[in-house]
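Single-structure report; data block below.
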Amino acid sequence: MIMQEEKHEKVMNKIAIRITPPGPEAKKIVELDEKYLVKSTKSLPIVARRAAGVFVEDVDDNVYLDFASGISVVNMGHVHPEITARVQQQLHKLWHFAGTDYYYKEQVDAAKALTEITPGKFGKKVFFTNSGTESNEAAIKIAKAYTKRQQFVAFIGGFHGRTQGALSFTASRAIHHKGLFPSMPGVEHVPFPNPYRNPFGIDGYENPDELTSRTLDFIEKYVFPTYTPPENIAAFLAEPIQGEGGYIVPPMNFYRKLKKLLDEHGIILIMDEVQTGFGRTGKFFASEHFGVEPEVMSLAKSIASGIPMGAIVVKNELDFPEFGLHSNTFGGNVLASVACIATIEAMKKERAVENSEKMGKVLRKRLVELQEKFPQIGDVRGLGLMQAIDFVKDHKTKEPDTKLRDRVEYTAFQNGLLLLSTGLSAIRIIPPLIVNESQIDMGVEALEKGIKAAL
Ligand SMILES: Cc1ncc(COP(=O)(O)O)c(C=O)c1O
């Protein structure tokens with residue numbers, strides 16, 4: 001027992017693969033997982049024992065560099081000391097008190113903090129949820145209640161969750177819908193201005209303005225006049241940068257122009273910042289890159305550093321007209337509220353957003369250097385520490401190489417680097433925002449080894 005504790009105190013500061021993963025202990029747990037849990041979206045057979053900062057140790061004593069951040073959740077690193085201490089203190093005072101029905105200061109403080117950091121100088125209010133999906137469900141309902149309209153528009157390639165409401169917006173992979181039709185009716189999908197691959201055949205890196213205007217024309221000249229009258233549309237639900245769809249950054253002028261079009265028709269913009277939020281892109285929220293202030297913002301993932309929490313932040317006037325229209329049990333849970341406040345404070349204190357911008361540039365440079373070495377990398381894209389590389393069979397046709405991408409995800413893991421795939425053929429590289437330059441070098445070196453092993 002004592003030996004075990006001593007072992008746990010060892011500092012993790014570099015990749016250390018002692019046995020090719022998955023090792024024997026990991027295999028046992030994977031087997032039990034298969035026995036007791038239903039199938040979801042498992043990516044890699046890593047079985048974690050503990051983690052600190054940007055490193056994770058598995059049950060076979062391997063140490064990995066975590067460039068997946070629990071799907072962009074532990075943006076301040078694993079087991080951040082100050083956030084942990086704040087939650088520990090709270091554990092001895094009050095855990096849960098049904099913040100939708102009763103009152104406590106921590107929930108109000110967390111809501112106030114969110115209204116202060118989100119874009120928009122207007123007054124705002126918050127509804128707390130337990131996940132990104134549930135945030136989008138709340139956003140859909142609040143938009144319906146406010147506008148008294150029933151239809152919505154979303155983007156092909158978007159991901160907004162998997163419950164019956166959110167699923168009707170999600171359009172990033174057909175498997176999400178397989179055998180599940182119908183979900184909520186009334187959601188129309190339009191092409192996203194994807195600079196790399198789009199149905200218009202435009203090179204959006206060379207001609208971003210053309211891509212913006214063709215996409216908006218499609219909405220204004222085809223969708224609105226033919227089958228979705230704008231006066232029926234409550235809201236447009238969009239990710240500023242598509243996450244599960246492949247880390248797609250639209251042209252920088254796109255959202256400003258889309259917002260103008262929506263304003264002309266009284267349509268609300270719901271920005272789903274579940275993955276892009278909390279400094280991931282080098283600004284607190286990705287909407288800031290595009291100069292838009294959405295009426296509704298959906299949040300989750302890193303909002304409370306891994307204690308389950310989500311939120312919508314809405315313009316004051318969108319508040320539900322009366323009590324009882326929407327609620328939940330755990331939203332704004334005391335521990336989650338404390339973790340949310342502590343996360344925001346730690347981010348400010350450690351200048352995490354600035355580091356995301358700075359280290360994002362370093363990471364991007366290294367990835368472009370990799371692309372020069374490996375013609376299989378067709379595209380490098382992203383903002384801040386939200387970066388991805390896209391594997392192709394051919395640079396000209398940009399045909400996705402899904403198999404190679406999947407192999408690289410696995411071989412990088414065997415070389416001690418945790419990554420997650422996204423879209424058809426991309427791998428996301430999303431370290432905690434506290435990552436430093438030498439850790440980025442360590443990660444890119446492991447990625448290069450992984451690519452070589454996968455080819
Ligand atoms: C942009 C976006 N919206 C919503 C969700 C759903 O969030 P959750 O898995 O917390 O329900 C995700 C999850 O990946 C996401 O990336």
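The values are calculated or read from the model by the stated rules, or taken from the named source; none is laboratory data. What you see is a predicted model; the values in this text were computed from it and never measured. Cβ coordinates were reconstructed from backbone atoms using ideal geometry, including for glycine residues, and neighbour counts include every protein chain displayed. Surface areas here come from the heavy atoms of the whole protein model, side chains and all, with no ligands, DNA or RNA. Shrake-Rupley method; radii C 1.70, N 1.55, O 1.52, S 1.80 Å.
Observations on the structure shown:
- Test: Ile19 is of a type in the set (A, V, I, L, M, F, W, C), modelled with pLDDT of 95 or more and open to solvent by 60 Å² or more (accessible area, probe 1.4 Å): yes
- Among the residues of segment 50-64, those identified as part of a loop (DSSP other than H, G, I, E, B) and of a type outside the set (Asp, Glu) are Val54, Val59, Asn62.
- Inside segment 15-49, residues that are more than 17 Å from Leu420 (Cα to Cα) and not in a loop (DSSP other than H, G, I, E, B) make up a count of 15.
- Any hit, segment 255-266, residues being under 16 Å from the mean Cα position of the chain (by Cα) and either over 28 Å from Val362 (Cβ atoms) or among the β-branched types (Val, Ile, Thr) (or both): no
- Criterion: free of Cβ contacts under 8 Å to residues at least 40 places away in the same chain, within 20 Å of the chain's Cα centre (by Cα) and over 30 Å from Ala138 (Cβ atoms) - qualifying residue of Val368, Val380: Val380
- Residue match in segment 178-194 (condition: touching a residue at least 60 places away in the same chain (Cβ under 8 Å) and in contact with a Gly (Cβ under 8 Å, 6 or more places away or on another chain)): yes
- Close pairs from segment 140-162: first within 19 Å of Pro240 (Cα to Cα), partner in a helix (DSSP H, G or I) and hydroxyl-bearing (Ser, Thr, Tyr), Cβ under 6 Å, at least 6 apart: Gly161/Thr133
- Filtered residues of segment 374-409 (kept if touching a helix residue (DSSP H, G or I) at 6+ places or on another chain (Cβ under 6 Å), in a helix (DSSP H, G or I) and open to solvent by 10 Å² or more (accessible area, probe 1.4 Å)): Arg407
- Leading residue by the ranking (nearest to Ser302 (Cα to Cα)) among those in segment 62-71 that are surrounded by 24 or more Cβ atoms within 10 Å (Cβ to Cβ) and within 14 Å of the ligand (Cβ to nearest atom): Ser69
- Test result for Leu237, assigned to a strand (DSSP E or B), modelled with pLDDT of 95 or more and touching a His at 6+ places or on another chain (Cβ under 8 Å): yes
- If you go through segment 201-234 and keep only what is crowded, with 17+ Cβ neighbours inside 10 Å and part of a loop (DSSP other than H, G, I, E, B), you end up with Ile202, Gly204, Thr228.
- Residue match in segment 313-336 (condition: crowded, with 24+ Cβ neighbours inside 10 Å, in contact (Cβ under 8 Å) with a residue 24 or more places away in the chain, over 15 Å from the mean Cα position of the chain (by Cα) and assigned to a helix (DSSP H, G or I)): yes
- Of the residues Ile156, Ile175, the single one that is over 26 Å from Tyr222 (Cα atoms) and either more than 24 Å from the chain's Cα centre (by Cα) or among the hydrophobic types (A, V, I, L, M, F, W, C) (or both) is Ile175.
- Subset of segment 245-275 that is away from the ligand (no atom under 16 Å from the Cβ) and assigned to a loop (DSSP other than H, G, I, E, B) - its residue that is surrounded by the most Cβ atoms within 10 Å (Cβ to Cβ): Ile267
- Residues of segment 72-88 that are open to solvent by 50 Å² or more (accessible area, probe 1.4 Å) and either within 16 Å of the ligand (Cβ to nearest atom) or free of Cβ contacts under 8 Å to residues at least 60 places away in the same chain (or both): Val79, Pro81, Gln88.
- Within segment 65-92, restricting attention to residues that are in a loop (DSSP other than H, G, I, E, B) and among the hydrophobic types (A, V, I, L, M, F, W, C), the residue that is farthest from the chain's Cα centre (by Cα) is Val79.
- Selection count, segment 81-107, where residues are under 28 Å from Arg50 (Cα atoms) and among the small types (Gly, Ala, Ser): 1
Residues are listed down the side, and each one gets a yes or a no for (1) touching a Pro at 6+ places or on another chain (Cβ under 6 Å); (2) of a type in the set (A, V, I, L, M):
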residue: Pro195; (1), (2): no, no
residue: Phe218; (1), (2): no, no
residue: Lys221; (1), (2): no, no
residue: Ile233; (1), (2): no, yes
residue: Pro250; (1), (2): yes, no
residue: Arg256; (1), (2): no, no
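Let's see how each residue does on (1) closer than 20 Å to Ser72 by Cα; (2) charged (D, E, K, R); (3) open to solvent by 10 Å² or more (accessible area, probe 1.4 Å); (4) within 15 Å of the ligand (Cβ to nearest atom):
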{"position": "Gly243", "(1), (2), (3), (4)": "yes, no, no, yes"}
{"position": "Glu293", "(1), (2), (3), (4)": "no, yes, yes, no"}
{"position": "Ser298", "(1), (2), (3), (4)": "yes, no, no, yes"}
{"position": "Ser305", "(1), (2), (3), (4)": "yes, no, yes, yes"}
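- Index of the failed condition, His96 passing every other in (1) closer than 18 Å to Ile312 by Cβ; (2) open to solvent by 50 Å² or more (accessible area, probe 1.4 Å); (3) touching a helix residue (DSSP H, G or I) at 6+ places or on another chain (Cβ under 7 Å): (1)
- Check on Leu433, surrounded by fewer than 23 Cβ atoms within 10 Å (Cβ to Cβ), farther than 23 Å from Arg18 by Cβ and at pLDDT 95 or above: no
- Matching residues, segment 276-291, being within 12 Å of the ligand (Cβ to nearest atom) and either among the hydroxyl-bearing types (Ser, Thr, Tyr) or more than 17 Å from the chain's Cα centre (by Cα) (or both): Thr276
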